[in-house]
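Comments concern the structure below.
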Amino acid sequence: MSGRLKAEGCRLKVGNSGAACWALLVATSLMMSAGHALAADELQRREEQAMKAAVARVAPSVVRIETVGGLERVGQVLIGTGPTTGLVVSAEGHIVSSAFNFAQKPDSILVTLSDGSRHAAKLVATDHSRMLVLLKIETEAKLTVPEAVPLAEMRVGQWSLAVGRTFDAGQTNLSVGIVSALDRIWGKAVQTDAKISPNNYGGPLIDIAGRVLGVLVPMSPDGTGEMAGVEWYDSGIGFAIPLAGVVQVLPKLVQGQDLQPGVLGVNLKGADLYGQATTLAAVRATGPAYKAGFRAGDVIVEAGGQPVTRPAELKHQLGRLYAGEKIKLVARRGDGRIDREVELADKIEPFDFPFLGILPMRPLAGEKAAGLVVRYVYPDSPAATVGIKAGDRIQAVGGTEVESADSLAQKLQNLAPGEPVQIEVRRGSETLLLRPILGRLPESLVDELPPAHAAVEPPVAPDKPGETEPEQPQVGVVALKIPEFQNECLAYVPESYDPRVAYGVVVWLHAPGGLKQDELIELWKPLCQQHDFILVAPKATDRTKWQPTEGRFVRRALDDVMKNYTTDPSRIVLLGQEGGGAMAYLVGLASPDVVRAVAVVDSPMPRLVQVPETEPVHRLAFFTTLATKSETTAAVEAGIKRLRAMKYPVTVKEVGEQGRSLLTDELEALVRWFDALDRL
Amino acid sequence: MSFCSHRFSIRRLAVSPAARLGACALLSVSLLCVALEESLSAADSFAAVIAETQPKMVKIYGAGGPRGLESYQSGFLISDQGHIVTVWSYVLDTDYITATLDDGRKFEAKLLGADPRLDLAVLKVEARELPHFELAAGVPGEAGNRVLAFSNLFGVATGDEPASVQHGIIAVKTRLDARRGTFETPYHGSVYVLDAMTNNPGAAGGALTNLHGELLAMLGKELRSAQNNIWLNYSLPIEELRSSIEQILQGKFRPGEDKTTTKPVDAIDLAQLGLVLVPDVLDRTPPYVDLVRADSPAGLAGVKSDDLVVFVGDNLVHSCKGFREELSRIERDSKLRIVLMRDQELVEVEIQPVAEQKK
């Protein structure tokens, strides 16, 4: 058909030529078109043949895996029991597969080889960095080991064929695509646009010659764990772990050694992966970076021989490395350069927040501060033990000058409970040198607190009449409109709001049944005024329950308030009751960059939430009520145990046998606890 | 990039005949060759087949399903008299079915017949001289073949707009009942599984062809595997459908017995074998043997307590429930072959039910 159309087009083009050559032209162009059509067919036939030959070449190494028993769900994903795929990597019976296939921790594993023989398999080791498993079957026969494509030969754009053995044991299944990218998922994977799914996870991604590019796995640049990336199945975004790399770590796996991603034990300043900041905000004393000599304040400028200016570049260098591997890091410290090799660790002990035992006074914006004035000293704290008193001015810690509460916090986040610290305190005309031993963050509530800042003078009216005052954000009861979301959101900003004062934020996540605006405001108005808080009360679309997807709306409402008012980043709190409490956990644990406390009333922590590791720079505390004989008692206690195991401070308030709302005096105590979240 | 490689290789293959012709023709002809060659690519070779095939496609509109299910599907012509093959679905469950041809003409379609076992229906519109597939010219395909899928997925095309076309390969040719209980569909024959996302709302009843435009199969409905919870893109080979279509066309069609679901009246059971499994407390309790009577058929065959039953015949069993289900498909007095896992070893045993236990 296209041949015909082409020929007609030609005739039009050459229509002015002499009549003599007319017949010849038409005849020739028709013949040529036929030649082209044949050539295209021939190409397609050959390509198809090449693909089938490639699959046939690798097929003897592609096995079918079936499992019996184990969990039915991992996280929120229903685990299938369908067959999956594996790839032979040793003639003696070693087989690699995707860890996804084993997320349900099966009781028994059965492998069917390409010749149809069945074997029981043992799980030998797991690679937690690449999300692979190594299996072993006992067999007399020598298995066929496929050829791996060397990393240097892989090219974006080359054919890539994904092979599984899941529909029938006797034949493979195939999906065709190209290599979309190399060095994906922080340097660990090859990306393909072939359709990757449980139908071929664990199987090989091969080139047109039948050599193996990699082992197919679900993966996600953000998530970790066996299930991360499964939501991208069949989407044209698929990943394979280069077999050439697997071969290198195979001896370790064969010996039953699990492999872990390598960690440095540092925190960077700023949460933006692509921001221009590789300054170490915290270096964990138990971590390898600290042992190699790196300290907070150092700026990483080079990693693994590559210049580094953004956190993402550092992550890219680290991502491919296993625990036990070494990386050369170069850091700038003042005018000097630190150049060290660091052996990465498999894990860092959870960070335990150290505690001096004071509350700082909060200077007003623009107020000249020299050192940190102590607002309150916790009874029986390290500070109380060495005699620090309210009104003292802390001038230096460990020999470094202290300019503000922030600089003291930064100093402390690189120390651990039990460590001594030297503190220089100015009291009247005296200067004292004290050496308290740091403690742990307290889990108790606090008594009456003195004011956190000097009384605020009303702003001076502008001198010249006619000059308008800068526009003030709304105060009192405010209806917040969050673009994109239909949810309503209420806020209360104290009428005395002054932009020079930093306000904490309490996000109230209501219990099923919604919220009664008037009662809520009446209850919170005096508390907000006394303790400098802004109350934000988002409403669930369905007042009877929160949807986990509404977490984005809650976070946006919080961001909105933080953008428009002067807020204190150390006192951002999520407070929820019953279903609202579950929401507080979900949003809080997903927003460690912003939220400093999660407080819940009558609500267990959802069992499925991931509790992130404690981060020195993101201090997070918890408050929960506990009823002793309620249906949820066990679940609440389990949540507390999980959080404390990760070294989070959890303040527990017992409320009797059955769950209930907080009484007024209990709520007052809770808000004082919120007020004291900037404790150091 | 895949297109680039086509283009590149086509040139290499195409140059020699073109050059030969050019050499023995006028100069203007060789200039023409270059112009032609420039415009040739894989897209051109698909274009011819696609242009020829699209007029054979039909958009079908009928009844909407429960919970807002779409009220349209796809079909294709198999005669110049207006016979249309499509899937049997709720869309056709109405008194008024509309078929829109590729040229935009709308017809009321009559349901000639349906074979629910094959998810197949044949419609007829009153029109003549229509472009169509020759049923007899349908060809088989195999894994690795590149294919084109024509359908009105998501109802994107309306009126005289041509059907949508997708490109992919046959991932595997398999049977839907290869994994019993996996797919909720009446059809249990062989299918082509595709590596393209063809089975979307409205696509069912579309046509699958090879790159020459030859009819391979009819696109199936949306189907999710109960085993691994993912969507399956499949189509029904034309050779599976041909005889039913012909019978419907001849007005002789009689729905046959669905033999795939019949179970024996008197099936084998655990007590008869002398087996007691561990208490079935979970949804998927692994079928471990708790007790075996020594003188029972199972005991005599060598089954021991703590053995895990993994296969009955060639079928993997995941649970006590699955084991009982497999047994219920086996005649009471027939031999039973099972594979057990014992200390990480697979042990195959053959159990011979005892004659006197048969009543």
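Take the conditions surrounded by fewer than 16 Cβ atoms within 10 Å (Cβ to Cβ) and either in contact with a helix residue (DSSP H, G or I) (Cβ under 7 Å, 6 or more places away or on another chain) or within 21 Å of B:T198 (Cβ to Cβ) (or both) and apply them to B:E129. Does it pass?
no
Can you confirm whether region B:334-354 contains a residue that is touching a residue at least 24 places away in the same chain (Cβ under 8 Å), farther than 14 Å from B:A298 by Cβ, assigned to a loop (DSSP other than H, G, I, E, B) and away from every other protein chain (no Cβ under 14 Å)?
Within region B:334-354, the first condition is being touching a residue at least 24 places away in the same chain (Cβ under 8 Å), and the residues that meet it are B:334, B:336-342, B:346-347, B:349-354.
Then drop every residue that is not farther than 14 Å from B:A298 by Cβ, which leaves B:334, B:341, B:346.
Filter again for assigned to a loop (DSSP other than H, G, I, E, B), leaving B:334.
So of that shortlist, the ones also away from every other protein chain (no Cβ under 14 Å) come out as B:334.
Yes, region B:334-354 has at least one match.
Regarding region A:365-383, can at least one residue be identified that is without any contact (Cβ under 8 Å) to a residue 40 or more places away in the chain, part of a strand (DSSP E or B) and among the acidic types (D, E)?
Within region A:365-383, none of the residues are without any contact (Cβ under 8 Å) to a residue 40 or more places away in the chain, part of a strand (DSSP E or B) and among the acidic types (D, E).
Pick out the one residue from A:P604, A:P548, A:P612, A:P569 that is under 25 Å from the mean Cα position of the chain (by Cα), closer than 25 Å to A:A365 by Cβ and free of Cβ contacts under 8 Å to residues at least 40 places away in the same chain.
A:P569
Among what's in region B:292-319 and is away from every other protein chain (no Cβ under 14 Å) and surrounded by fewer than 16 Cβ atoms within 10 Å (Cβ to Cβ), pick the residue that is farthest from B:L346 (Cα to Cα).
Of the residues in region B:292-319, the ones away from every other protein chain (no Cβ under 14 Å) are B:292-305.
Applying the additional criterion that residues be surrounded by fewer than 16 Cβ atoms within 10 Å (Cβ to Cβ) yields B:293-295, B:302, B:304-305.
Working: B:R293: 21, B:A294: 21, B:D295: 23, B:G302: 13, B:K304: 13, B:S305: 15 Å.
Out of the qualifying residues, it is B:D295.
When you check A:P538 against the structure, is it free of Cβ contacts under 8 Å to residues at least 60 places away in the same chain, surrounded by fewer than 18 Cβ atoms within 10 Å (Cβ to Cβ), closer than 26 Å to A:W673 by Cα and in the same structural domain as A:A582 (by TED's automatic domain parsing), yes or no?
For A:P538, the condition - free of Cβ contacts under 8 Å to residues at least 60 places away in the same chain, surrounded by fewer than 18 Cβ atoms within 10 Å (Cβ to Cβ), closer than 26 Å to A:W673 by Cα and in the same structural domain as A:A582 (by TED's automatic domain parsing) - is not met.
Within the group A:G210, A:G265, which residue is within 14 Å of another protein chain (Cβ to nearest Cβ) and either without any contact (Cβ under 8 Å) to a residue 60 or more places away in the chain or small (G, A, S) (or both)?
Answer to the selection: A:G210.
Select from region A:386-400 the residues that are assigned to a strand (DSSP E or B) and touching a residue at least 12 places away in the same chain (Cβ under 8 Å) and write down the one among them that is surrounded by the most Cβ atoms within 10 Å (Cβ to Cβ).
Once the filter is applied, the top-ranked residue is A:I394.
Tally up the residues in region B:137-153 that are surrounded by fewer than 18 Cβ atoms within 10 Å (Cβ to Cβ) and in contact (Cβ under 8 Å) with a residue 60 or more places away in the chain, please.
As a first pass, look at region B:137-153 and keep what is surrounded by fewer than 18 Cβ atoms within 10 Å (Cβ to Cβ): B:137, B:139-140, B:142.
Next, from what is left, pick out any that are in contact (Cβ under 8 Å) with a residue 60 or more places away in the chain: B:137, B:139-140.
Of the residues in region B:137-153, 3 are surrounded by fewer than 18 Cβ atoms within 10 Å (Cβ to Cβ) and in contact (Cβ under 8 Å) with a residue 60 or more places away in the chain.
Out of curiosity, is A:M562 assigned to a helix (DSSP H, G or I) and within 29 Å of A:T632 (Cα to Cα)?
Considered against the rule, which asks whether it is assigned to a helix (DSSP H, G or I) and within 29 Å of A:T632 (Cα to Cα), A:M562 comes out as no.
Do we have any residue at all in region A:183-199 that's surrounded by fewer than 21 Cβ atoms within 10 Å (Cβ to Cβ) and assigned to a strand (DSSP E or B)?
Scanning region A:183-199 turns up at least one residue that is surrounded by fewer than 21 Cβ atoms within 10 Å (Cβ to Cβ) and assigned to a strand (DSSP E or B).
In this structure, is A:A638 of a type in the set (G, A, S), at pLDDT 90 or above and within 24 Å of A:V506 (Cβ to Cβ)?
Working: of a type in the set (G, A, S): yes; at pLDDT 90 or above: yes; within 24 Å of A:V506 (Cβ to Cβ): no.
So A:A638 fails the test.
Could you check region B:144-213 for strands (runs of 3 or more DSSP E) lying wholly inside it with 3 or more residues that are within 14 Å of another protein chain (Cβ to nearest Cβ)?
B:146-151, B:164-175, B:190-194
So, A:A511, is that one assigned to a loop (DSSP other than H, G, I, E, B), in the same structural domain as A:E668 (by TED's automatic domain parsing) and modelled with pLDDT of 90 or more or not?
So A:A511 fits the description; yes.
Would you check which residues across region B:275-291 are away from chain A (no Cβ under 14 Å) and in contact (Cβ under 8 Å) with a residue 12 or more places away in the chain and list them?
First, the residues of region B:275-291 that are away from chain A (no Cβ under 14 Å): B:275-276, B:279, B:290-291.
Listed by number, the residues that qualify are B:L275, B:V276, B:D290, B:L291.
Quick check on region B:231-279: of everything there that is surrounded by 16 or more Cβ atoms within 10 Å (Cβ to Cβ), at pLDDT below 90 and assigned to a loop (DSSP other than H, G, I, E, B), which residue is farthest from the chain's Cα centre (by Cα)?
Checking each candidate, the answer is B:G274.
Could you check how many residues of region A:145-161 are assigned to a strand (DSSP E or B) and more than 8 Å from chain B (Cβ to nearest Cβ)?
Result for region A:145-161: 3.
So which of A:E231, A:E226 ends up being outside any loop (DSSP other than H, G, I, E, B), among the acidic types (D, E) and in the same structural domain as A:G82 (by TED's automatic domain parsing)?
Every option except A:E231 fails the conditions.
Pick out the one residue from A:V636, A:V655, A:V617 that is closer than 21 Å to A:G357 by Cα, touching a residue at least 12 places away in the same chain (Cβ under 8 Å) and among the hydrophobic types (A, V, I, L, M, F, W, C).
Unique residue meeting the criteria: A:V617.
How many residues does region A:471-487 contain that are assigned to a loop (DSSP other than H, G, I, E, B), under 20 Å from A:K525 (Cα atoms) and within 33 Å of the chain's Cα centre (by Cα)?
The qualifying residues number 0.
Go over the candidates A:G581, A:G588, A:G514 one by one and state the one that is in contact (Cβ under 8 Å) with a residue 40 or more places away in the chain, among the small types (G, A, S) and either surrounded by fewer than 24 Cβ atoms within 10 Å (Cβ to Cβ) or within 26 Å of A:K653 (Cα to Cα) (or both).
Values: A:G588 fails: in contact (Cβ under 8 Å) with a residue 40 or more places away in the chain; A:G514 fails: in contact (Cβ under 8 Å) with a residue 40 or more places away in the chain.
Result: A:G581 is the single residue among A:G581, A:G588, A:G514 that is in contact (Cβ under 8 Å) with a residue 40 or more places away in the chain, among the small types (G, A, S) and either surrounded by fewer than 24 Cβ atoms within 10 Å (Cβ to Cβ) or within 26 Å of A:K653 (Cα to Cα) (or both).
Does A:D406 satisfy the condition of being on the phi > 0 side of the Ramachandran plot and either outside the structural domain of A:R644 (by TED's automatic domain parsing) or buried (at least 21 other Cβ atoms within 10 Å of the Cβ) (or both)?
In short, no.
The values are calculated or read from the model by the stated rules, or taken from the named source; none is laboratory data. All values reported here derive from a predicted model rather than from experimental measurement. Don't worry about glycine lacking a Cβ; one is built from the backbone with ideal geometry, like all the others, and counts go over all protein chains shown.
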